[in-house]
Structure formats: structure tokens, C-alpha cells
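Colleague: The structure's right below; bear with me while I get my questions together.
The values are calculated or read from the model by the stated rules, or taken from the named source; none is laboratory data. Everything numeric here is computed off the predicted structure, so don't read it as measured data. Positions of Cβ are generated from backbone atoms using ideal geometry, with glycine treated the same way; all protein chains shown enter the neighbour counts. In case anyone asks, the SASA skips ligands and DNA or RNA and just uses the protein heavy atoms, side chains included. Shrake-Rupley method; radii C 1.70, N 1.55, O 1.52, S 1.80 Å.
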Amino acid sequence: MNIQIFGTKKCFDTKKAERFFKERKIKYQLIDLNEKEMSKGEFNNVCKAVGINELINTKAKEYAKSNLGNIRSAEVKAEVLLKNQKIMKTPVVRNGKEATVGVDLEIWNKWIENEK
């Protein structure tokens, strides 16, 4: 299993994801989006797995400024989100080509079961 958690240190859901994998002694890599953003390749893999609209956090402070609510094209939304990842819902948890957004214990447990 190759777990990557994209989030911020202040995000409670990111902390929940960390705790989930730590308690099960599963190695993970935490990437703080305030320090290092997702690469274009990582971002594209996550988009394929969950869909662009799942990644958008409509409650983020930057959301209104970004004008994302008025954009219809998925490609343009992806471009805006890639440039300003503070609008992204966190945590984004990747396991290879699979990904989840937010706390998704059901899917994480499935990943663990499939490893056994």
C-alpha cells in the first residue's frame, strides 16, 4: 500500500486520516498543501479517481474570489484548482491510482482488506 495524504496541518479531517493510518501501523506520507502543492500528474490522477467537482471546497475563503461557481468547463475548473489548491477539500488520500476526498473510513478499510 502506498498512502499519500494531502492536507493541511490545521485541518481536523487531515488529522483524522493521519490517526486512522497511524493506529493501523500503515506507513503514509503527509504532504502539507501549505508547504508543497500537488504536482500536475498527482492532481490529474486524483481527478480521474474522484472527479473535479468532488475536489472543490465551496466553503473555502478563496472559492468566491476564484469564480469557480460560474465555470462550467471541467478543464478550466481543473486549471483554476491546480493553480490555487487552497480551494481543494482536504484530506485527499491516495493509494496508487485510487483516491478519496474527505474522511472515507469505508474505502480506507477496503484498501486495508485488499492488502491482506
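Colleague: Given bins 5 angstrom wide, list per bin the percent of all Cα-Cα distances in the chain, short to long.
Modeller: Reading the bins upward from 0: 2, 12, 24, 24, 19, 11, 6, 2, 1, 0.
Colleague: Please work out the average accessible area per residue across the chain, using the 1.4 Å probe convention, and give it in Å². Mind dumping the intermediate values first?
Modeller: Values: 7330 Å² over 116 residues.
Result: 63 Å² per residue.
Colleague: Can you classify segment 39-87 as rounded, prolate or oblate using the Cα gyration tensor, where a ≥ b ≥ c are the square roots of its eigenvalues, rounded means a/c under 1.5, and otherwise it's prolate if a/b beats b/c and oblate if not?
Modeller: Values: a/c = 1.75, a/b = 1.53, b/c = 1.14.
The shape class here is prolate.
Colleague: Another question about this same structure. Taking the Cα centre of the chain as origin, work out the dipole magnitude from +1 charges on Lys and Arg Cβ and -1 charges on Asp and Glu Cβ, in debye rounded to 20.
Modeller: Numbers: 24 positive and 16 negative charges, 56 e Å.
The dipole of the chain has a size of about 260 debye.
Colleague: Find the relative contact order for the chain and round it to a whole percent, using C-alpha pairs within less than 8 Å whose residues are 6+ positions apart.
Modeller: Numbers: 151 pairs, mean separation 42.0, N = 116.
It rounds to 36 percent for the chain.
Colleague: Same structure, new question: Send over the per residue convex hull volume for segment 1-61, Cα only, as a whole number of Å³.
Modeller: On the way: hull volume 6.5 nm³, N = 61.
For segment 1-61, the hull spanned by Cα atoms encloses 106 Å³ per residue.
Colleague: Which pairs in the list K15/K83; K22/K48; K61/K110; K16/K59; K10/K65 are over 29 Å apart, alpha-carbon to alpha-carbon? All intermediate terms of the calculation are to be shown ahead of the outcome.
Modeller: Working: K15/K83 24 Å; K22/K48 27 Å; K61/K110 33 Å; K16/K59 20 Å; K10/K65 22 Å.
As for pairs spanning more than 29 Å Cα to Cα, those are K61/K110.
Colleague: Accessible area of the chain with a 1.4 Å probe: how many percent of it is carbon plus sulfur?
Modeller: 47 percent
Colleague: While we're on this one: What fraction of the Cα pairs in segment 75-116, stated in percent, has a spacing above 12 angstrom?
Modeller: On the way: 575 of 861 pairs.
Counting pairs separated by more than 12 Å, the tail of P(r) holds 67 percent.
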